[in-house]
Amino acid sequence: MSTTDTDRKPVTLGEEKVQRGAGGETHQTAHGDVPTLTTQQGVPVADDQNTLKAGARGPSLLEDFHFREKIFHFDHERIPERVVHARGYGAHGFFELTHSLSDITRADVLQRVGERVPAFVRFSTVAGSKGSFDLARDARGFAVKLYTKEGNWDLVGNNIPVFFIQDAIKFPDMVHAVKEEPDRAFPQAQSAHDNFWDFISLTPESMNMIMWVMSDRGIPRSFRFMEGFAVHTFRFVTADGKSTFAKFHWKPKQGLQSVVWNEAVKINGADPDFHRRDLWNAIQAGNYPEWELGVQLFDDEFADTFDFDILDATKLIPEELVPVQPVGRLVLDRMVDNFFAETEQVAFCTQNVVPGIDFTNDPLLQGRNFSYLDTQLKRLGGPNFTHIPINAPKCPFHHFQQDGHGAMHNPKGRVNYEPNSWGGEAGGPRENPQKGFTSYPQNVEGRKERVRSEKFADHYSQARQFYKSQTEVEQTHIQQAITFELSKVETPAIRARVVSHLLNIDTGLAQAVADGLGLEKLPDAAPPASKVIDLPESPALSILKNGPKTFEGRKIGVLITNGADEAILEALEKTAKAEGVDLELVAPQIGGIKTSSGRHVPAGQRVPGGPSVLYDAVVLLLSEDGAKQLANDADAKDFVTDAYAHAKFIAHVPEAAPLLKKAGLTDDALDEGVITLEKPSSVPEFVKTCRALRFWQREAKVHAV
Ligand code: HDD
């Protein structure tokens, strides 16, 4: 049967005119303001549902240029994913200067208080592929592009201020080791395997970074609740050539927060997009996340007296030694229009600095300056990736570079070289010694040799300082994380070799991991290349010592059933709004429930799809009948037991007793983190209690192993 005009009667769906094809499929047709579909060449398309055929059941014709163009383009949609940091999520915003650094640097963006420049930020995991899950234990990328009036300045950092290796030549080995093993292509997005720990156990310089990734920093609650660091020491340079060393910090206004490991594992199943969804929801709701840019400034004299080399990216400078001075604020207030065009095609390069900012001889940074430009060529298909809008500067730019794949703005007119004698405008742009970028004229001399500075040799002291600076809860998490990871390592010798390094960091840590692994005896400590020193504790290194004073920006999950107490729900809605907290109802049906007063409230999740791992605190707002029903539901029971095991605050109405009982929350299990909501007036107190984020005292009780 052929498709005729009479088969395609327009029908109305809302405002849009749609047609039905022969197969019953609906499709829109252009009318009024709706644009006509065209090919890439701009030819209007009449039928986008059927290929051109010789008869309704005949062969498709090669002549169908619309079909061929469409499939050709589709076949080429994918570009190589980033070799690291493949999975990421970006947003637009602005950077506003709050403290001028005009006496320290000539960088235009750091001169005038109150001035804003556009910014784009991409957060990422490191090891997993583009389609992997968000809650991997991993460092997080924190890459910032500032579109300044004197060019793009990229700060390509992580949420951890130190790195695994000291020299860029080891980067491919480190990345090969952490990614999936090459013969079996697993495990995905996980460091818990032999190759990674084999490499680490043979690379003691990684120990400081290992403490950080095995701490709760490796499993942040959200991009919004993590710090960012540019890691390396950079230079600020003034117009008259004075240089000051600088380390860059991004501090979240929302406070720091992480999840616990068992929660991370479950979030990955319940919502693999947990972090990107969180950022999307926050920005769409107008809760714009904000970070303060801070700098640690120091001079050569400090650099010479500091215990470590300021060129060593495996070391940090404690904030207690060199305070972080506020400089400005970064606010993310707009999601991309298109993920591929912007987030996927954005190209960060550590070499993108502006006049007034310069590099140091950090061998990791020097190597990165080659790697990023090089990788964009492969990833984005040619040298013109700066012509893609997300990568283009937003200030005027003029140069004589031309042609190549995808060239969008070649030089205009006759001149494409300089020097030239055409003069005036016709001669095109000229170099400008006053305004232009000049490198800091550091004296450099030395023998050409493959060596590492003696001052890079201490691999354990800062790892020990990090561990000692954590609260007991956080130290336990590090012990558990390393034990977990090494328990996935199949080769006993690798496990023991890692413990031999831990002995140089903290004997208690080494013993706890050895016990967790069931090592028969402790190995000898790995011989350190340099004496391990006891550094003072640095409270700034702990998340829990720097927790937020507010519950703002967090999410409460309310397990709710028909007949739920209307007054308590109203109090929850009101208090959550006042505190800036998101409330999500989890009900037996997605259609929602009717409260005790008969009000219909839609649900955000159905019980099996809304486990408590998705929330920062939970409320059980059940009617008597509802509690009886949910007491027989495994998902509802898990909702409660998980919230309890993850040390969350749990509020419940007295009617919820049957579910609490089934979840094992009776008598001695009940603690101050399990709160009874007798009446609506108890709700504000509960939400205030949640500002502590977790009831950590419970943790020790729920981990027998
Ligand atoms: Fe890197 C991407 C951060 C060391 C080579 N890196 C990349 C991204 C971040 C970082 C956040 C993602 C950028 C984006 O969102 O597009 N990398 C770091 C930090 C490092 C570091 C904080 C140490 C302090 N990286 C490092 C070294 C090398 C690279 C030593 C190579 C010598 N990194 C790359 C890369 C990537 C990359 C292969 C992959 C995709 C890209 O650059 O654009 O060139």
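The values are calculated or read from the model by the stated rules, or taken from the named source; none is laboratory data. In this text the structure is predicted, and so the values were computed from the model without any measurement. Glycine also receives a Cβ, built like all others from the backbone with ideal geometry; neighbour counts cover every protein chain displayed. These accessible areas exclude ligands, DNA and RNA; they are computed on the full protein's heavy atoms, side chains included. Shrake-Rupley method; radii C 1.70, N 1.55, O 1.52, S 1.80 Å.
Quick check on the chain: of the DSSP beta bridges with both residues there, what percent are antiparallel, nearest 5%?
Taking every DSSP beta bridge within the chain, about 80 percent pair in antiparallel fashion.
Roughly how many whole Å is it from the C-alpha centroid of region 626-705 to that of region 257-315?
30 Å
Enumerate the helices in the chain for which the Kyte-Doolittle hydropathy averages -0.5 or more and the C-alpha atoms extend at least 18 Å along the helix's axis, using complete DSSP H runs.
Both cut-offs are met by 472-487, 492-505, 566-579.
Size of region 305-443 along its principal axes in angstrom, Cα-based, largest extent first?
58, 42, 29
Given a cut-off of under 8 Å on Cα pairs at least six residues apart, what relative contact order in percent is computed for region 88-380?
Dividing the mean separation by the residue count of region 88-380 yields 26 percent.
Binning every alpha carbon pair distance of region 88-380 at 5 Å from zero, what are the percents per bin?
Reading upward from the zero bin: 1, 5, 11, 17, 19, 18, 14, 9, 4, 1, 0, 0.
Give me Rg over Rh for the chain, both radii from the alpha carbons and Rh done the Kirkwood way, two decimal places.
Radius of gyration relative to Kirkwood radius: 1.01.
For region 414-498, state the semi-axes of the equivalent ellipsoid (square roots of 5 times the eigenvalues of the alpha-carbon gyration tensor), sorted largest first and rounded to whole angstrom.
Three semi-axes, in Å: 57, 21, 17.
Relative contact order of the chain, please, whole-number percent, based on alpha carbon pairs below 8 angstrom and at least 6 residues apart.
So the answer I get is 11 percent.
What's the carbon and sulfur percent of the chain's accessible surface, probe 1.4 angstrom, rounded to a whole number?
That share works out to 52 percent.
Quick one: of the DSSP bridges fully inside region 550-681, what percent are antiparallel, nearest 5?
Percentage antiparallel, nearest 5: 10.
As a quick test, which of the pairs Lys315/Lys378; Lys145/Lys242; Lys315/Lys455 have an alpha carbon distance above 20 angstrom in this structure?
From the list (Lys315/Lys378; Lys145/Lys242; Lys315/Lys455), the Cα-Cα distance tops 20 Å for Lys315/Lys378; Lys145/Lys242.
Arranged from highest to lowest average of other beta-carbon atoms within 10 Å per residue, in what order do the peptides 565-573, 312-320, 682-690 appear?
Result, highest mean Cβ count within 10 Å first: 312-320, 565-573, 682-690.
Using a probe radius of 1.4 Å on heavy atoms only, what accessible surface per residue do you get for the chain? Whole Å² is fine.
Per residue, the chain has an accessible area of 48 Å².
Which whole-percent values make up P(r) of region 507-601 when all C-alpha to C-alpha distances are grouped in 5 Å steps starting at zero?
2, 9, 12, 11, 9, 8, 6, 6, 8, 9, 8, 6, 4, 2, 0
Rounded to the nearest 500 deg cm²/dmol, what is the calculated helix-only ellipticity per residue at 222 nm for the chain, with -39500 (n - 2.57) per DSSP H run of length n ≥ 4?
Helix contribution divided over all residues of the chain: -7500 deg cm²/dmol.
State, to one decimal in nm, how far the label point of Asp667 lies from the label point of Asp524, with both points 7 Å from Cα in the Cβ direction.
Once both label points are built, they end up 5.3 nm from each other.
Arranged from highest to lowest average of other beta-carbon atoms within 10 Å per residue, in what order do the peptides 325-332, 61-68 appear?
Descending packing order for the listed peptides: 325-332, 61-68.
Based on the alpha-carbon set only, what is the convex hull volume of region 39-178 divided per residue, in Å³?
237 Å³
Packing-wise, with mean Cβ within 10 Å as the measure, how do 450-459, 474-483 rank, highest first?
Descending mean neighbour count gives 474-483, 450-459.
Considering the Cα positions of region 550-702, please state its Rg to one decimal place and its Dmax as a whole number of Å.
13.8, 43
Using Stokes-Einstein with the Kirkwood hydrodynamic radius over Cα pairs, what translational diffusion coefficient do you get for region 181-295 at 37 °C and a viscosity of 0.692 mPa s, in µm²/s rounded to a whole number?
Approximately 190 µm²/s, per Stokes-Einstein.
Over all Cα pairs of region 194-261, how is the pair count split among 10 Å bins, expressed in % and running from 0 up to the last occupied bin?
P(r) for region 194-261, in whole percents per bin: 17, 30, 30, 17, 5, 0.
Given a cut-off of 21 Å, what percent of all Cα-Cα pairs of region 445-572 lie beyond it?
I get 60 percent for the Cα pairs in region 445-572 exceeding 21 Å.
Just the number, please: Stokes-Einstein D of region 268-320 in µm²/s, Kirkwood Rh from C-alpha pairs, 20 °C, 1.002 mPa s.
D = 141 µm²/s.
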